[in-house]
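Please read the structure below before turning to the comments.
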Amino acid sequence: QVQLVESGGGLVQAGGSLRLSCAASGSIFSVNSMGWYRQAPGKQRELVAAITSGDRTDYLDSVKGRFILSRDNSKNTAYLQMSSLKPEDTAVYYCKAIVKLSWYKPETTYWGQGTQVTVSS
């Protein structure tokens, strides 16, 4: 069983910064890609940023230049540094990890429980 534990959400004023963390734990053989998604009220969940095991990153256009996603493979942890936050960044942020539980098993996708990020104007 794999768990994703998220932390770092909260309330911040526009222009401020937050750092989200997502730690994967359990019987893990390898963590392939990790990513952060967000869902605002009444909207669909969208990909914010993703990072491969080789540190290749991909970002939502609206967060490019403001958010930086990194990972520590030794800790199976991903970090989303969010700067110059805007009210439209307000959402529940979910961590996603694509994991192999052993070398012969297929990849499995896991989700965190979500963490609220609120940006006040």
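Over the chain, what portion of Cα pair distances is larger than 18 Å, expressed as a whole percent?
That tail contains 48 percent of the Cα-Cα pairs.
Name the residues of the range 12-35 whose amide N is less than 12 Å from a point 7 angstrom out from the Cα of ASP58 along the C-beta direction?
Once the point is set 7 Å along Cα→Cβ of ASP58, 33-35 turn out to lie under 12 Å by backbone N, inside the range 12-35.
Tell me, what is the per residue accessible area of the chain in Å², probe radius 1.4 Å?
54 Å²
Using the beta-carbon distance between GLN13 and GLU46 and R0 = 22 Å, what value does 1/(1 + (r/R0)^6) give for FRET efficiency, to the nearest 0.05?
Efficiency, from the Cβ-Cβ distance: 0.40.
In whole percent, how big is the carbon plus sulfur part of the accessible area of the chain, probe 1.4 Å, protein atoms only?
Accessible surface attributable to carbon and sulfur in the chain totals 48 percent.
Could you sort the peptides 13-22, 86-95 by per-residue average Cβ neighbour count (10 Å cutoff), highest mean leading?
Put in order of decreasing packing, that is 86-95, 13-22.
Here is the link list: LYS43/LYS100; LYS43/LYS86; LYS64/LYS96; LYS43/LYS96. Which ones come out longer than 25 Å on Cα distance?
Pairs exceeding 25 Å: LYS43/LYS100.
The values are calculated or read from the model by the stated rules, or taken from the named source; none is laboratory data. Just so it is clear, the structure is predicted and the values come from calculations on it, not from any experiment. As a convention, Cβ positions derive from the backbone with ideal geometry for all residues, glycine included, and neighbour counts pool all protein chains shown. Just the protein is used for accessible areas: all its heavy atoms, side chains included, with ligands, DNA and RNA removed. Shrake-Rupley method; radii C 1.70, N 1.55, O 1.52, S 1.80 Å.
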